[in-house]
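The values are calculated or read from the model by the stated rules, or taken from the named source; none is laboratory data. Keep in mind that what you see is a predicted model, and the values were worked out from it rather than measured. We place every Cβ from the backbone using ideal geometry, glycine too, and count neighbours over all the protein chains shown. Note: areas computed on protein heavy atoms with side chains; ligands, DNA, RNA excluded. Shrake-Rupley method; radii C 1.70, N 1.55, O 1.52, S 1.80 Å.
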Amino acid sequence: MIVAGSLREAAPHVLDLSRAAAWPLLAEPTSGLRLPGALAAPTVLLADERFTSAHTPDVILQLGAAPTSRAGLALVAAAERLMIVDPDDLVADPHRRAESRMVVGADPLAASVAGRLEPRDTTTWHRAWLDADRAARRVVDELLDGWDEPSEGRVARDLSAALPSDATLVVGASMPIRDLDLFMAPREGLRVLGNRGASGIDGFVSTILGVSAAGGPTVGLLGDLTLLHDVGSLLWSARRGFDAVLVVPNNGGGTIFSFLPQRELPELEELFTTPHGIDLGAVCAAAGAGHERVEHSSDLVPAVKRAVGAGGVRLVEVAVDAELNRRRHAELAATVASALRG
Ligand SMILES: Cc1ncc(C[n+]2csc(CCOP(=O)(O)OP(=O)(O)O)c2C)c(N)n1
């Protein structure tokens, strides 16, 4: 199996290698390889422990950074043999399991190996991954299509599908990068950037503005606390000629913690979620930035298109009910599990 984490350089020959070897390609959006030919719902599939434990790969070729998701990390840790191609010298091997770590370009390596392989027929194991992936993608899309109240998963899926081919999607830490990894469908032409590093939420509005300064439609996907942590950049930038759209699912604080063990603590809200109660529309008005609030899933894409077309710095705030969002993650996992058993 090929597992592609964050990569700085495009590596399209990895698709040739995946095809020639009949190894499934699990690609995170920031690898630039969530393209047609890669698995369509890999992280949803990985989260299904019964499936992955019955289909653990013998060998994983990991390209770039270690997986973002816990399930991805667990898969890499469970494979019998792990080889890492780490062109950017990123944090690629947190479990210190790799039998080899090659600091070489992923694309030239993939091109050279794919060119030497006798193309293999698909195997039963490979087909099982492809079939399960197709089933998982279908379930995800059917469920998301039926959810009218905005949920972060649907925001991630719809935004990544709708942006034009010259656009860059800059994705923030916490849930946005995870939701994109779970729900983005393979597509051509969208550049996806993140600045995860040590997963800080700081300075992220500046990152979006920096990317936008390089030209092309630039859309950020970031949490409400991530926005507020760097709100100075919003206040500073809106009257200075930048063109950037910030899509902010506003779930009232740091909701990632309600998916983590902290959710059991009595201090969850005070110390972790830290709801802020700040009116984001009023912040935008103070900054001179555009603002639109989206209350229904189907209104997101038209609102983002209006904002990109209008130019300037604009916020598209998406009203998200955090508790409903958490229940929907659980519903999705249960529905995928039953589809895979069915
Ligand atoms: C600079 C910095 N401070 C604190 C944290 C710890 N932290 C991780 S996620 C998170 C909450 C982020 O909330 P939000 O941006 O609203 O995203 P959500 O969790 O709702 O997706 C915090 C405070 C961090 N990653 N970086």
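Give the shape of segment 143-217 as rounded, prolate or oblate, defined through the alpha-carbon gyration tensor: a ≥ b ≥ c are the square roots of its eigenvalues, a/c under 1.5 means rounded, and otherwise the shape is prolate if a/b is larger than b/c and oblate if not.
On the way: a/c = 2.14, a/b = 1.33, b/c = 1.62.
The shape class here is oblate.
What nm value, rounded to one decimal, do you get for the distance between A286 and R138 when each label is placed 7 Å out toward the C-beta?
5.1 nm
Taking all protein chains as present, what is the carbon and sulfur share of the accessible area of the chain, in % to the nearest whole number, probe 1.4 Å? Each step should come with its number before you reach the end.
On the way: 7970 of 15020 Å².
Heavy-atom surface of the chain belonging to carbon and sulfur, 1.4 Å probe: 53 percent.
Sticking with the crude label model, points 7 Å out along Cα→Cβ, report the distance from V113 to S338 in nm, one decimal please.
4.0 nm
So for each of 22-32, 231-241, 108-118 I average, over its residues, the number of other beta carbons within 10 Å; can you give me the resulting order with the highest mean first?
Details: 22-32: 25.4, 231-241: 16.3, 108-118: 14.5.
My ranking of the peptides, most packed first, is 22-32, 231-241, 108-118.
Which whole-Hz couplings ³J(HN,Hα) result when phi for each residue of segment 46-58 is put into the Karplus expression 6.51 cos²θ - 1.76 cosθ + 1.60, θ = phi - 60°, listed in order with x for Gly and Pro?
Along segment 46-58, the couplings run 4, 5, 8, 4, 5, 5, 5, 6, 7, 10, 5, x, 6 Hz.
Starting from the Cα of R81, step 7 Å toward the Cβ, then list every residue of segment 35-60 with an amide N under 16 Å from that point.
57-60
How much mean residue ellipticity at 222 nm does the chain get from its helices, if each DSSP H run of length 4 or more adds -39500 (n - 2.57) and you divide by all residues, to the nearest 500 deg cm²/dmol? Working shown, then result.
Values: 14 runs with 144 residues, N = 342.
It comes out at -12500 deg cm²/dmol, rounded to the nearest 500.
So what is the relative contact order for the chain, in percent, with contacts set as C-alpha pairs under 8 Å and at least six apart?
Numbers: 660 pairs, mean separation 57.1, N = 342.
Across the chain, relative contact order equals 17 percent.
Please give the per residue accessible area of the chain, computed with a probe of 1.4 Å over protein heavy atoms only, in Å².
Numbers: 15020 Å² over 342 residues.
Value returned for the chain: 44 Å² of accessible area per residue.
Quick one: net charge around L26, please, counting Lys, Arg +1 and Asp, Glu -1 for every other residue with C-beta under 12 Å from its C-beta.
Working: positive: R34; negative: E28, D133, D181.
Net local charge, L26 excluded: -2.
Whole-Hz ³J(HN,Hα) for each residue in segment 245-251, computed from phi via Karplus 6.51 cos²θ - 1.76 cosθ + 1.60 with θ = phi - 60°, x for glycine and proline: what do you get?
10, 10, 9, 10, x, 9, 10
Which translational diffusion coefficient, to the nearest whole µm²/s, is obtained for the chain from the Stokes-Einstein equation, given a Kirkwood hydrodynamic radius over C-alpha pairs, 37 °C and 0.692 mPa s? Please list the in-between numbers first.
On the way: Rh = 20.6 Å.
For these conditions, the coefficient is 159 µm²/s.
Give the shape of segment 1-122 as rounded, prolate or oblate, defined through the alpha-carbon gyration tensor: a ≥ b ≥ c are the square roots of its eigenvalues, a/c under 1.5 means rounded, and otherwise the shape is prolate if a/b is larger than b/c and oblate if not.
On the way: a/c = 1.39, a/b = 1.15, b/c = 1.21.
The shape class here is rounded.
Using alpha-carbon pairs under 8 Å, 6+ residues apart, how would you state the relative contact order of segment 86-176 in percent?
On the way: 20 pairs, mean separation 15.3, N = 91.
After rounding, I find 17 percent.
E267 to S53: extension gain in nm, 0.36 nm per residue of separation minus the Cα-Cα distance?
73.5 nm
Got a sec to turn the phi values of segment 176-192 into Karplus ³J(HN,Hα) couplings, 6.51 cos²θ - 1.76 cosθ + 1.60 with θ = phi - 60°, whole Hz, x for Gly and Pro?
x, 5, 6, 5, 5, 4, 6, 10, 5, 8, x, 7, 8, x, 9, 8, 10
Under a crude label model (7 Å from the Cα following the beta-carbon direction), how far is V231 from R19 in nanometres?
Going by the 7 Å Cα→Cβ label model, 5.1 nm.
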